[in-house]
Amino acid sequence: MANHRLDKIKPLVALGVFLVAWWVIPTAFKSFLRVSFSEFQAPAWVATSYLDDLEGFWARRSHSKVELIEAGREVARAKSLYQFNAQRNETLENEIQRLEAILKLPSRREFRYEVARVIRRDLNAWWQQIIIRKGQDYQIPVGAAVVFYGGVVGRVVEVNAFTSRVELISSPNFRMAANFEGDERPVVYQGVAQSGFGSPTGVVRDAPQDMVASTQMPLKLVSTRLGGTFPPGLLIGRVNWLQPGSTGIFQTGTVELHSSLLSLHEVAVLIPLYPIDLDSDAP
């Protein structure tokens with residue numbers, strides 16, 4: 001039992017002896033021990049400090065690289081957003097200009113305008129038609145005149161529930177009564193097969209012999225009141241020359257149509273406010 005108690009107090013005795021010895025050891029010897037221990041530990045401390053510096057350097061470099069990449073992405077996103085907004089503003093500006101042009105159409109007491117978007121073009125040498133996004137839902141009638149800011153576009157030839165098909169004045173199947181501006185004598189206009197190059201064209205027939213046209217003084221061909229489908233005075237095209245026809249009694253000539261006829265985005269359908277025969281316009 002005594003030996004067991006002695007084993008328990010041995011650590012305490014040893015600690016006490018160490019403290020007494022450390023207290024009685026001279027200060028100079030203590031300083032020597034501290035310096036020696038520091039010199040022994042110094043290489044490890046220096047190595048640790050270098051490792052810490054190296055770790056900090058790579059951390060900062062990696063962080064800077066990530067920041068640069070993210071900054072580059074932000075610049076790219078901002079540039080894309082700017083380009084998108086610029087393109088959208090340009091699109092809206094073009095849309096406004098087209099709508100303003102449509103709104104400049106002169107008022108007609110006997111018609112009401114129904115502006116419609118062009119959603120499809122069916123164009124080839126012998127078939128010149130467009131599809132507009134309005135039909136029976138807007139009471140579009142077959143035979144109605146279709147116009148734009150530049151004059152005559154064509155005539156409605158088919159009406160469905162939500163769309164209508166329009167025969168363009170450039171189509172060989174299109175015919176209408178016309179006259180030269182300032183001259184009330186009627187002539188016949190008809191579309192012709194298109195070559196696919198340059199502006200669309202048509203032909204005028206039955207022009208009086210005394211009519212003279214040239215590139216310096218072209219004649220304007222306009223719609224006439226005959227038939228009632230088209231109001232009078234709408235521009236069809238310009239005639240730069242006339243030549244004797246096959247009978248020698250009348251003249252014929254090429255009609256240059258509006259250059260944007262085949263690339264329209266909006267048109268206006270003229271819907272009669274009073275009952276008229278829409279099929280009587282074609283001569």
*Run down Val157, Val142, Val166 and say which single residue is in contact (Cβ under 8 Å) with a residue 60 or more places away in the chain and outside any loop (DSSP other than H, G, I, E, B).*
Val166
*Do we find that Ala268 is in contact with a strand residue (DSSP E or B) (Cβ under 6 Å, 6 or more places away or on another chain), under 25 Å from Arg117 (Cβ atoms) and not in a loop (DSSP other than H, G, I, E, B) in this structure?*
yes
*Quick one: how many residues across the range 182-204 are within 23 Å of Leu226 (Cβ to Cβ) and out of contact with any Ser or Thr (no Cβ under 7 Å at 6 or more places or on another chain)?*
8
_Residue tally, condition closer than 20 Å to Arg225 by Cα and within 27 Å of the chain's Cα centre (by Cα), over the range 121-166_ = 9
_Suppose we filter the range 169-183 for residues that are touching a residue at least 40 places away in the same chain (Cβ under 8 Å) and under 12 Å from Leu221 (Cα atoms); how many remain?_
6
*So which pairs qualify, if the first residue must be in the range 126-139 and assigned by TED's automatic domain parsing to the domain that holds Gln190, the second must be surrounded by fewer than 18 Cβ atoms within 10 Å (Cβ to Cβ) and of a type in the set (Phe, Trp, Tyr), the Cβ gap must be under 8 Å, and the two must be at least 6 apart or on different chains?*
Arg133/Phe162; Lys134/Phe162; Gly135/Phe162; Gln136/Phe162; Asp137/Phe162
_Failed condition for Ala213, given (1) over 35 Å from the mean Cα position of the chain (by Cα); (2) under 27 Å from Ile130 (Cβ atoms); (3) crowded, with 22+ Cβ neighbours inside 10 Å_ = (2)
*What is the residue count in the range 223-254 for residues that are in a strand (DSSP E or B) and either outside the structural domain of Gly182 (by TED's automatic domain parsing) or touching a Lys or Arg at 6+ places or on another chain (Cβ under 7 Å) (or both)?*
3
_Output for the range 232-267, where each listed residue is at pLDDT 90 or above, in contact with an Asp or Glu (Cβ under 9 Å, 6 or more places away or on another chain), under 14 Å from Gly150 (Cα atoms) and surrounded by fewer than 21 Cβ atoms within 10 Å (Cβ to Cβ)_ = Gly233, Leu235, Arg238
*Kindly provide the set of residues from the range 188-205 that are touching a residue at least 40 places away in the same chain (Cβ under 8 Å) and in a loop (DSSP other than H, G, I, E, B), ordered by number.*
Ala193, Gln194, Ser195, Gly196, Ser199, Pro200
_I'd like to check something: does the range 206-222 contain any residue that is part of a loop (DSSP other than H, G, I, E, B), small (Gly, Ala, Ser), on the phi < 0 side of the Ramachandran plot and not assigned by TED's automatic domain parsing to the domain that holds Val147?_
no
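The values are calculated or read from the model by the stated rules, or taken from the named source; none is laboratory data. Please read all numbers here as calculations on a predicted model, not as lab measurements. Positions of Cβ are backbone-derived with ideal geometry, glycine not excepted, and every protein chain shown enters the neighbour counts.
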